[in-house]
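The values are calculated or read from the model by the stated rules, or taken from the named source; none is laboratory data. Being a predicted model, the structure only gives us computed values, none of them experimental. Using ideal geometry, Cβ is built from the backbone for each residue, glycine included, and neighbour counts are taken over all protein chains shown. Accessible surface areas use protein heavy atoms only, side chains included; no ligands, DNA or RNA. Shrake-Rupley method; radii C 1.70, N 1.55, O 1.52, S 1.80 Å.
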Amino acid sequence: MINLAAALTVTMGPLSLLAAQQASAASVATWDKVAQCESSGDWTNVHHTSTTTYYGGLQFDAATWNAYGGQQYAPYANQATKMQQILIAEKVLAVQGERAWPHCGPPVGLGADHATPYPATPSGIGVYRKADRTFYVADRNGADVGRNAYGNADDMPLVGHFAGPGRDTVGVYRPETQEFFLTSDNTNLYSYSVFGNKDDVPLVGDWDGTGKQTIGVYRPSEGAFYLTVDNLTPKYRVAFGNPNWKPVVGNWSGTGKDTVGVYDPDTQTFHLSYANVNGPANDDQKVSFGNPDDVPIKGDWDGSGTDKVGVYRPSTQEFFGAVNGGQLLAKYGNPGDKPITGHWK
């Protein structure tokens, strides 16, 4: 049973002095503890009282959710993702401190945890080398970060945070058998799935903004994305693009959700959608970038928390990012390598 005194309310009156004295951030692990206390960890919880209704894992009332910008994500907190609820809670914490959750914040050390829950750092680059089945990764400027062998020679490389928020780890897709092998530590198998049809293009993304990336495929014959949130069953079938276009997915809107996109190689144009929907996708943004024969990539090139498009030029092994008008990120890899991008630290 939720303690009603612990539910969130708006603090009225001047806040500038108070804000300067409060904790301004907390880790996801600490927010999980607050949610466990407030709602038994149910991020879709709705709790009615005789006077007020409280929503989501952190039990926002509607006034607080609206006052701190929650409407940009969903009408009520329980309809937003865990990540989105935490992002709004961070704003409340910065102003009101842990006293906004008086019975749950102090016991779990909310006010003493100064970690950033979703730190935004620039994406790194890398390559997968079929000859030695090895992922070679570097920072955005091409400085080596590490390497890791995984998979078989004919596998396709995958990169993502498969176990939850944090650094990206490697995985592979086996086209002949439609098998996905995903790791959480770059070594040991974390998740195994069989999904899709032969000739599908494998994908990974955080389709619902939960902080955890799951698998999907793009089916060129249909011009459609099939996306799962459980690595088993499609939740979304999104129609987008033409048969010869290339899929590219990313956090285009900065909300924490990875959504679909396609790249037209004939015109070097990216078409990006800001939502995953069952049916035809909206073509929300068009970006022309790159040269013929470039390979489309994506990354948070400036650490802003939003993905931008980019290209890899196989002829010169150069990575280019569409940031600040477009720039060369680095030259990295050998001829024949396949480009990858991710957060390696």
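Annotations for the structure displayed:
- Residues being among the aromatic types (Phe, Trp, Tyr), touching a residue at least 40 places away in the same chain (Cβ under 8 Å) and in contact with a strand residue (DSSP E or B) (Cβ under 6 Å, 6 or more places away or on another chain) - total across segment 49-67: 1
- Of all residues in segment 324-345 being in a loop (DSSP other than H, G, I, E, B) and within 19 Å of the chain's Cα centre (by Cα), the one that is nearest to PRO296 (Cα to Cα): HIS343
- In segment 325-345, the residues that are closer than 18 Å to VAL249 by Cα form Cβ pairs under 7 Å with partners that are part of a loop (DSSP other than H, G, I, E, B) and open to solvent by less than 20 Å² (accessible area, probe 1.4 Å), at six or more places apart or across chains, as follows: THR341/SER123; GLY342/SER123; GLY342/ASP168; HIS343/SER123; HIS343/ASP168.
- Selection of segment 228-255 for residues being within 27 Å of ILE88 (Cα to Cα) and either in contact (Cβ under 8 Å) with a residue 40 or more places away in the chain or over 13 Å from the mean Cα position of the chain (by Cα) (or both) yields THR228, ASP230, LYS235, TYR236, VAL249, GLY250, ASN251, TRP252, SER253, GLY254, THR255.
- Taken across segment 109-123, residues that are surrounded by fewer than 21 Cβ atoms within 10 Å (Cβ to Cβ) and at pLDDT 95 or above do not occur at all.
- The set of residues from segment 8-52 being touching a helix residue (DSSP H, G or I) at 6+ places or on another chain (Cβ under 7 Å), at pLDDT 85 or above and polar (S, T, N, Q) comprises THR30, THR44, ASN45, THR49.
- For ILE2, the conditions (1) at pLDDT 95 or above; (2) open to solvent by less than 30 Å² (accessible area, probe 1.4 Å) are fulfilled apart from (1).
- Of all residues in segment 146-153, none are in contact with a Pro (Cβ under 6 Å, 6 or more places away or on another chain), modelled with pLDDT of 95 or more and surrounded by 19 or more Cβ atoms within 10 Å (Cβ to Cβ).
- The strands (runs of 3 or more DSSP E) found entirely in segment 188-302 that carry 3 or more residues being farther than 28 Å from PRO117 by Cα and either touching a helix residue (DSSP H, G or I) at 6+ places or on another chain (Cβ under 7 Å) or open to solvent by 20 Å² or more (accessible area, probe 1.4 Å) (or both) are 234-239, 285-288.
- Checking each residue in segment 318-345 for being closer than 18 Å to PRO265 by Cα and open to solvent by less than 20 Å² (accessible area, probe 1.4 Å) picks out PHE319, GLY321.
- If you go through segment 53-65 and keep only what is over 24 Å from the mean Cα position of the chain (by Cα) and either in a strand (DSSP E or B) or under 16 Å from VAL95 (Cα atoms) (or both), you end up with THR53, TYR54, ASP61, ALA63, THR64.
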